[in-house]
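Here's the structure, in structure tokens; my notes come after.
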Amino acid sequence: MRKAAIGLTASALLVGSLAGYEGYREHAYRDSVGVPTIGFGTTVGVRMGQRTDPVRAVQRLAADADAYAREVGACIGEVPLAQHEFDAYVSLAYNVGTGAFCGSTLVRKLRQTPPDYAGACAQILRWTYAGGKIEPGLVTRRKAEYRQCMGVPQ
């Protein structure tokens with residue numbers, strides 16, 4: 001069942017998926033493009049030398065996922081989405097940033113009349129570069145996000 005994207009929220013399945021994709025790091029580190037990162041992929045307000053623990057990292061991940069879900073919902077708007085589609089888009093936005101996500105061809109495909117749901121899901125597969133190079137880990141993640149978007153059981 002599809003509901004307006006702007007009314008959807010991050011699911012527990014999404015938070016679990018993000019934790020798996022991102023992996024856990026106790027100490028702040030620089031990701032593949034040099035952004036300070038900690039916990040399960042948190043980047044906002046992170047400083048090198050910072051530490052976290054698993055409980056705080058999961059709490060921050062859930063809060064971050066909710067924030068990304070609101071931003072993704074706002075840029076997609078009233079377009080009806082199934083929860084699995086929405087979760088796949090929030091996962092992508094969590095990784096690439098909402099600015100890049102909201103300005104993407106994927107969002108344009110959703111906002112056209114009628115929405116191109118399959119075409120939007122297929123756009124996920126294009127986001128495999130980090131620092132100008134194809135990143136094998138991103139290829140794997142994007143394939144999983146695409147399957148999720150298309151409603152294929154994982």
### Query
Looking only at the stretch 48-91, which residues are acidic (Asp, Glu) and not in a loop (DSSP other than H, G, I, E, B)?
Asp64, Asp66, Glu71, Glu85, Asp87
### Message
When you check Thr105 against the structure, is it at negative phi, of a type in the set (Ser, Thr, Tyr), surrounded by fewer than 23 Cβ atoms within 10 Å (Cβ to Cβ) and in contact with a Gly (Cβ under 9 Å, 6 or more places away or on another chain), yes or no?
### Response
yes
### Message
For the condition surrounded by 14 or more Cβ atoms within 10 Å (Cβ to Cβ), touching a residue at least 24 places away in the same chain (Cβ under 8 Å) and either in contact with a Pro (Cβ under 6 Å, 6 or more places away or on another chain) or not β-branched (Val, Ile, Thr) (or both), what is the one hit in Ala82, Ala74?
### Response
Ala82
### Among (1) in contact with a Leu (Cβ under 8 Å, 6 or more places away or on another chain); (2) not in a helix (DSSP H, G or I) - the single one Val15 does not satisfy
(2)
### Task
Evaluate the following for Ala10: is it assigned to a helix (DSSP H, G or I) and under 17 Å from the mean Cα position of the chain (by Cα)?
no
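Can you name the residue in the stretch 6-33 that is among the charged types (D, E, K, R) and surrounded by 13 or more Cβ atoms within 10 Å (Cβ to Cβ) and, of all such residues, is farthest from Gly97 (Cα to Cα)? If you could, list the steps in order and put the result at the bottom.
Applying the first criterion (among the charged types (D, E, K, R)) to the stretch 6-33 yields 22, 25-26, 30-31.
Filter once more, keeping what is surrounded by 13 or more Cβ atoms within 10 Å (Cβ to Cβ): 22, 25-26, 31.
Details: Glu22: 14, Arg25: 20, Glu26: 22, Asp31: 14 Å.
Ranking the qualifying residues of the stretch 6-33, first place goes to Glu26.
Does the stretch 18-42 hold any residues that are of a type in the set (Ser, Thr, Tyr) and assigned to a helix (DSSP H, G or I), and which are they?
Here is the first cut: in the stretch 18-42, the residues of a type in the set (Ser, Thr, Tyr) are 21, 24, 29, 32, 37, 42.
The answer is Tyr21, and nothing else.
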### Query
In the stretch 23-42, what residues are at pLDDT 95 or above and closer than 21 Å to Ala144 by Cβ?
Gly23, Tyr24, Arg25, Thr37, Gly39, Phe40, Gly41, Thr42
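The values are calculated or read from the model by the stated rules, or taken from the named source; none is laboratory data. All of these numbers come straight from a predicted model, not from anything done at the bench. Cβ: placed from backbone, ideal geometry, glycine included. Neighbour counts: every protein chain shown.
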